[in-house]
1. Among 246, 143, 184, whose mean-square fluctuation peaks in a Gaussian network model of the chain (Cα, cutoff 10 Å)?
2. Of all the accessible heavy-atom surface of the chain, with the other protein chains kept in place and a 1.4 Å probe, what percent is carbon and sulfur?
3. In deg cm²/dmol, rounded to 500, what helix-only [θ] at 222 nm does the chain give when every DSSP H run of at least 4 residues adds -39500 (n - 2.57) and the total is split over its residues?
4. Assign unit charges at the C-beta atoms only (+1 for Lys and Arg, -1 for Asp and Glu), then state the dipole size of the range 262-415 relative to its Cα centre in Debye, rounded to the nearest 20.
5. Hey, can you list the DSSP H helices of the chain whose Cα span along the axis is 24 Å or longer and whose average Kyte-Doolittle score is at least 1.6?
6. Report residue 132's accessible area, 1.4 Å probe, all protein chains in place, as a number in Å² to the nearest 10.
7. If ligands, DNA and RNA are left out, what is the accessible area of residue 21 with a 1.4 Å probe, given in Å² to the nearest 10?
8. Over 30 Å between C-alpha atoms is what I'm after, so list which of 8/404; 293/379; 214/404; 48/379; 48/80; 7/214 land there.
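The values are calculated or read from the model by the stated rules, or taken from the named source; none is laboratory data. Please read all numbers here as calculations on a predicted model, not as lab measurements. Here the Cβ positions follow ideal geometry from the backbone for every residue, glycine too, while neighbour counts run over all protein chains shown. Surface areas here come from the heavy atoms of the whole protein model, side chains and all, with no ligands, DNA or RNA. Shrake-Rupley method; radii C 1.70, N 1.55, O 1.52, S 1.80 Å.
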Amino acid sequence: MKGLQSKKYYPWVLVALLWVVALLNYMDRQMLSTMKSAMEIDILELQKAEAFGFLMAIFLYIYGVMSPIAGVIADRTNRKWLIIGSLFVWSAVTYAMGEANTFNELLILRGIMGISEALYIPTALALIADYHPKKTRSLAIGIHMTGLYMGQALGGFGATIASSYGWHKAFHWFGITGMVYSVILMLFLFESRSGAKENNKAKGVPLTKIPLSKGLTQLFSTTVFWVILFYFAAPSLPGWAIKNWIPTLFSDNLNIPMAQAGPMSTITIAVSSFLGVLIGGVVSDKWVDKNIKGRIYTSAIGLGLTIPSLVLLGFGSTVFAVVGAAVLFGIGFGMFDTNNMPILCQFVPSRLRATAYGFMNMMGVFAGAAITQVLGRFKDQGNFGFGFAILAVFVLFAIVLQLKVLKPQVNDFKD
C-alpha cells in the first residue's frame, strides 16, 4: 500500500478518504438533536429544554476549548494516527451512546466526543494543505468541506432509523461504521510533510519542531493573525445561527410546520453550500495565479453575498424570498469556508497551520454558542428576524477589515 502515496493522484485519494471522515464527524454530532423525541421516552431529563440545551452546549464548549490544543498536538505529532485515533474514539462514543441509560452518562459521552472530534478538523485541513499545492488547494479543501455539509444533512436520518429500529440501534450502527472505517484508514492514509520541511530534508537539515511558546508568540505578535481570527469569527456568527435556527426561521416566516420547514431549510443550505465551496475553490485557485490576493477577493465576494441574504432571511415572508436568501447564503458562505485554510497558508508557516486553525476554530465555535443564545432572546422578544438581519453588520465589517489589512506576499508561506 505504501506505493500508493507516491502516485500523482494520491492527493485526491487523500481528499476522498478524509471526505468520509468529515461526513462522519458532523453526522455523529448532529444525531443527538434529531433523535431527541425518541430518546426522551427512556431518558426523562431530555424532556426539559434546559437540560437538553445543556447537553448540546457542553459539546460546543469542550470542542471550542480543545480546538487550539488539538492544533498544537497536530503540529507536533503524526497526523495520520491522530486522525485515525480521533475517528475511532468518537465512533466508539457514538456506539456507547446507544448503551446509555441516564442523562449523566450522555453528558459524559458528549464531553468525550467534544474532545475527540476537536482533534480532527485542524489536523485534516493542515494535511490536505500539505498535499495540495496552490493550483488545487482551495478546491481540495472545498471538496473536503462538502463532507461536513453532507454529514450535517444526513444526521437527520438518525431520527428515521430511530423511529423504525429504536435510537439504541441508530447509535450502534453509526458508531460501528466509523470504527470499521478507521481500520480502512490505517491502510490507505499517509502522513506528509511538505514545503520547507521537505526541502530541508533533501538538504540534510534536521527536521525540527517550533517550540510551543515560540510558535504562539510568532502567531499572536502579528496584527495579521488577529485580523484573521476576527474575519473567521465574525462570519461564524451567521454561520452558526443558520445551523441552529434556520428551520425555526423558515417555519416562522413562511407559516409552515416544523416537519416541513426542517427538511426544506437544511437541504437548501446543504446543496447551495456544496455549490459554493466548489465555485469558491475553482475561482480561488485560478485567481491566485494571476493576483496574489485572489483567495482573499474570492472569500470577500462570498461574504458579500451573505449580507443581502441575511436581510432577506430576517424580513422575507414569501417562499421565493426566504428560499432564495438561503440559497444565496449557502453559496456565499461556501465560497468563504473553502478559502480559510488557503488564506491562512499565505501568512502562517506549515508547522504552525494546525495550531493557527485550532485557534480560529475555537473563536468560531464560541461565537456560535454565543449567537445561539442571543438569537433565542431575540425570538422570545419577538424580534427574531431583526436579530438575523443585524448580523450583516458584523459580516460587512469583517470584509472591510479583511480587504484592508490582509496583504499576502506569497501564495504559500514556507518555514
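1. For the chain, modelled as a Gaussian network with Cα springs under 10 Å, the answer is 184.
2. Working: 11580 of 16870 Å².
The value for the chain is 69 percent carbon and sulfur by accessible area.
3. Calculated at 222 nm, the ellipticity per residue is -27000 deg cm²/dmol.
4. 320 debye
5. Span-like helices in the chain: 49-74, 319-337, 384-405.
6. Roll a 1.4 Å probe over it and residue 132 shows about 0 Å².
7. Number for this one is 0 Å².
8. Violating the 30 Å limit, Cα to Cα: 8/404; 293/379; 48/80; 7/214.
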